[in-house]
Amino acid sequence: MKKKVVMLAAGLFLLLPSFGMANGATPDSKQEQKMNVPDDCRHGKHGDMMNKEEWQAKMKAREQQLLQWVDQYTPEKKAEWAKVTQEKNMLHEKWLSPEFAKQREQWKKEKMAEMQNLKKQYDEGKITKEELMKKAHGGKDMAHWKTFHDLKAAVESNNKQQVSQLLNQLLEQHKQHNQMVKEMLNRKTKQE
């Protein structure tokens, strides 16, 4: 049971970027609602859930791929991307540091309670699956994942204008995420 809670909490933390990165997109209610995260984002090669090391390796490879595209399609933004990426990694390490362990645990408890409440409402028929997913992600969708996959498709189709636009959009989403994490870290500092 403890492993499940730890894995769920780790998964929720990895979803943290979604809280600050909505771009106004709304889920398609005509289709059966499903998380906007493609299956290849959260599952391994055989459809099983990835462990922490596999996820970290995949995210590191994705980051390197992204920086390669920046270098190729928007070299004028390379320094800005490097700064934002470095800041993201530094903030992530700081959040995971022992200094923030108490705040992380409190955040996990609140998130788990919120998820249980939403699941209960869904089971009772008070909210739809679409509403459950939207509320579970803090009213935001998974815009950064969608943007990344749109970017990947644009690169594959060699649409340089769209690639440039999506890289700029993703850069803004990364900046928003960094700002959100800074605010979370500052709340802890102010509480002391």
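The values are calculated or read from the model by the stated rules, or taken from the named source; none is laboratory data. Values in this document were obtained by computation on a predicted structure and should not be read as measured data. Please note: Cβ atoms are built from the backbone with ideal geometry, for glycine as well, and neighbour counts cover all protein chains shown. To get the accessible areas, we keep the full protein, side chains included, count just its heavy atoms, and leave off ligands, DNA and RNA. Shrake-Rupley method; radii C 1.70, N 1.55, O 1.52, S 1.80 Å.
Could you say whether any residue in the stretch 55-72 is more than 22 Å from His177 (Cβ to Cβ) and without any contact (Cβ under 8 Å) to a residue 60 or more places away in the chain? Yes, the stretch 55-72 contains a residue that is more than 22 Å from His177 (Cβ to Cβ) and without any contact (Cβ under 8 Å) to a residue 60 or more places away in the chain.
Taking each residue of the stretch 154-173 that is farther than 15 Å from Leu67 by Cβ and looking for partners that are of a type in the set (A, V, I, L, M, F, W, C) and surrounded by 17 or more Cβ atoms within 10 Å (Cβ to Cβ) with beta-carbon atoms closer than 8 Å, six or more apart or interchain, yields Ala154/Val163; Ala154/Leu166; Gln162/Ala154; Gln173/Met21; Gln173/Ala143. Just one of the listed residues (Lys109, Lys188) is modelled with pLDDT of 90 or more, over 25 Å from Thr74 (Cβ atoms) and more than 15 Å from the chain's Cα centre (by Cα), namely Lys109.
Looking at the stretch 88-104 only, could you name the residues that are open to solvent by 90 Å² or more (accessible area, probe 1.4 Å) and either touching a Leu at 6+ places or on another chain (Cβ under 7 Å) or charged (D, E, K, R) (or both)?
First, the residues of the stretch 88-104 that are open to solvent by 90 Å² or more (accessible area, probe 1.4 Å): 90, 93, 98-99, 102.
Scanning the stretch 88-104 gives Glu93, Glu99, Lys102.
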